[in-house]
Amino acid sequence: PARLFSGMQPTADSLHLGNYLGALVNWVSMQETYDATYCVVDLHALTVSPDPEALRQRTRVTAAQYLAAGIDPERSTLFVQSHAPEHAQLAWLLNCLTGFGEAGRMTQFKDKTARFGADQQNVGLFAYPVLQAADILVHDADRVPVGEDQRQHLELTRDLAQRFNARYGETFVVPDVHIVAATAKVNDLQNPGAKMSKSASSPNGIIELLDDPKKTAKKIRSAVTDTGTEVRFDPAEKPGVSNLLTIHSALSGESIASLEDRFAGKGYGHLKVEVADVVVSALAPVRERALELLADPAELDALLARGAQRARERASAVLARAFDRVGLLPAP
Ligand code: TYM
């Protein structure tokens, strides 16, 4: 089967609904047909200088949520990025192939430097997308399921693979990006023009997978909606209502058209109450299972160790190929 690779950063105490609908739900369904590898990208998280104890905890919490959402560690390879040093080693080769201007044009980097000032950022953040490219290429991935915000990083990955292949001969698979349009961008409940984001959203704008269900329902009931009263899907004119319809439809499976029909003449309040029910009943079992898994960290660590072993088998072969192509002597 074709190979799949994706990952998330352990940068918060919980994943949010954007991570879940934009990526994780698709990961779960895609593991049926692909040879899938899912990674907790802890090295990427270091770019925001986390507290060491928080990073340790968040790495386990992120892995537990993958499992709780339905990633099957027998079928798929599940591991922590830093446990496979080949990722960072390949990133160095790719750093030496990436232009300064090229890295500087990445919008996630530009947004952060614009918001907080370039002096506040580290070189790791600048090189972040190159490490991401290494993650993907070192696993010979054919496809990468992500949300819309990752498109540019995936384009860079493809460019780097092609550049390396052109310079040194066929070495890397050039991966396809896989974005599920309907859920590619889940928006902030309080600021529905912007994506739900762990770094930019206010606490009330984010639905966390591990939030208490009462808190989740409350956040949805107090979501910002739009002027007017009509429940209609129109992201430009009605970003708040449209976001709620997207979330409902993605979790319930009911089409947006059918939701518009059912809520005709009913007003926003009814919609919010139902969306809250749908979200809470979808997330409650995921939350419970994640908390169960976290109660036994030794078992979780053992599972991640087995995953790392599998990941390294593939990554070390690809890395050896790349080292040889660029002219590094075989390691003694
Ligand atoms: P991260 O950790 O920011 O996000 C994880 C995944 O969640 C998706 N996502 C969203 N989807 C829809 N709506 C939203 N509001 C939303 N917010 C986040 C992201 O698109 C992503 O799929 N750079 C990556 C991590 C990474 C990676 C990789 C991904 C590192 N190496 C290799 C794929 C392959 C990131 O920051 O994800």
| query | Just from its helices, what would the mean residue ellipticity at 222 nm be for the chain, if runs of 4 or more DSSP H residues each count -39500 (n - 2.57) and the sum is divided by every residue, rounded to the nearest 500 deg cm²/dmol? | reply | -16500 deg cm²/dmol
| request: Translational diffusion coefficient, Stokes-Einstein: compute it for the stretch 113-252 using the Kirkwood radius over C-alpha pairs as Rh, at 4 °C and 1.567 mPa s, and state it as an integer in µm² s⁻¹. | output: 73
| request: List the equivalent ellipsoid semi-axes of the stretch 90-129 in whole Å, largest first, each obtained as the square root of 5λ for an eigenvalue λ of the Cα gyration tensor. | output: 19, 10, 7
| said: A 31 angstrom limit on the alpha carbon distance is what I want to check against. Which of Lys112/Lys266; Lys110/Lys214; Lys214/Lys266; Lys185/Lys272 exceed it? | reply: Lys112/Lys266; Lys110/Lys214
| What whole-number value in cubic angstrom gives the convex hull volume per residue for the C-alpha atoms of the stretch 47-168? | 136
| Exposure proxy ranking, count of Cβ atoms within 10 Å, fewest first, for Lys266, Lys219 | Lys266, Lys219
| field | Per residue, the convex hull volume that the Cα atoms of the stretch 222-332 enclose (Å³) | value | 200
| query | What percent antiparallel are the DSSP beta bridges of the chain, to the nearest 5? | reply | 20
| field | Order by protection proxy (mean Cβ within 10 Å, highest first), peptides 33-39, 241-247 | value | 241-247, 33-39
| field | Stokes-Einstein D for the stretch 185-242, Kirkwood Rh over Cα pairs, 37 °C, 0.692 mPa s (µm²/s) | value | 279
| task | Averaging sequence separations of C-alpha pairs under 8 Å and six or more residues apart, then dividing by the length of the stretch 142-276, give the relative contact order as a whole percent. | result | 20
| query | At q = 0.14, 0.19 Å⁻¹, what is the log10 ratio I(q)/I(0) for the stretch 6-102, with the Debye formula run over Cα points and no solvent? | reply | -0.58, -0.96
| Using the alpha-carbon centroid of each, what span in Å lies between the stretch 275-332 and the stretch 144-206? | 19
| Spherically averaged projected area in nm², based on the convex hull that wraps the Cα atoms of the stretch 14-60 | 3.9
| remark: Of every Cα-Cα pair in the chain, the percentage lying beyond 24 Å is 56
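Each value in this text was obtained by applying a stated rule to the coordinates, not by laboratory testing. These numbers were taken from a predicted model, which means no experiment stands behind them. So basically every Cβ, Gly included, is an ideal-geometry build from the backbone, and we count neighbours across all protein chains shown.
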